[in-house]
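This report concerns only the one structure given below.
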Amino acid sequence: MKKITTLFLVIMLCGCSQQKKQEESKKTIYKDGTYTTSAIGYGGEFQVETTIKDDKIEDIVVKEHNETPSIGGVAVEQMITSMKKENKYDVDTISGATKTSQALKEAVKEAMEKAKNTSK
């Protein structure tokens, strides 16, 4: 009888810990939403909208900017593609457009910090 009771308790505890693990895995790192930040590139200030969904960078939109289209403009597009693909802001800087690249990285980083889910 004592063995059956012990076995029953062990099974119950295992079930409870599995449920807790499932609940913890449902917690998200980031809150879904679109976060607007600004950056100062080579051509001046520009706005960046970063959309986070299901803990992933879903989209990054750079609003009107004054970057040189063939240099900074191309760098922005390449970096956005990399950021979305790798799901992080810290991607390789584009040679020849260092200031613009760093500005975009900082803007997306700021958006991700704003999106951090602080509730526990």
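Quick one: 3J(HN,Hα) in Hz for region 34-41, Karplus 6.51/-1.76/1.60 with θ = phi - 60°, rounded, Gly and Pro as x.
10, 10, 9, 9, 10, 9, 10, x
Going by amide H atoms built from the backbone, whose H comes under 5 Å of the H on residue 58, apart from near neighbours?
HN-HN under 5 Å from residue 58: 51, 52, 53.
For a quick protection proxy, order the peptides 99-108, 76-85 by their average other-Cβ count within 10 Å, most packed first.
The most tightly packed comes first, giving 99-108, 76-85.
Counting other Cβ atoms within 10 Å, keep those with at most 15, restrict to DSSP loop, and tell me which chymotrypsin sites (Phe, Trp or Tyr not before Pro) in region 18-120 are left.
Nothing satisfies the criteria.
Does a label point 7 Å from the Cα of residue 114, set along Cα-to-beta-carbon, have any residues of region 27-47 with amide nitrogen under 17 Å, and which are they?
So the set is 30-41, 45-47.
What list of ³J(HN,Hα) couplings, whole Hz, do you get for region 60-74 from phi and the Karplus terms 6.51, -1.76, 1.60, once you set θ to phi - 60° and write x for glycine and proline?
Once θ is set to phi - 60°, the couplings for region 60-74 become 9, 10, 9, 6, 3, 9, 10, 6, 4, x, 7, 10, x, x, 5 Hz.
At a probe size of 1.4 Å, how large is the accessible area of residue 90, to the nearest 10 Å²?
Accessible area, nearest 10 Å²: 90 Å².
Quick one: what are the phi-derived ³J(HN,Hα) couplings along region 88-97, Karplus 6.51/-1.76/1.60 with θ = phi - 60°, whole Hz, x for glycine and proline?
Rounded to whole hertz, the list is 7, 8, 8, 9, 4, 6, 8, 4, x, 9.
Taking amide H atoms as placed 1.01 Å from N in the peptide plane, list the residues 5 or more away in sequence, or in a different chain, whose amide H sits under 5 Å from that of residue 42.
100
The values are calculated or read from the model by the stated rules, or taken from the named source; none is laboratory data. All values reported here derive from a predicted model rather than from experimental measurement. We place every Cβ from the backbone using ideal geometry, glycine too, and count neighbours over all the protein chains shown. In case anyone asks, the SASA skips ligands and DNA or RNA and just uses the protein heavy atoms, side chains included. Shrake-Rupley method; radii C 1.70, N 1.55, O 1.52, S 1.80 Å.
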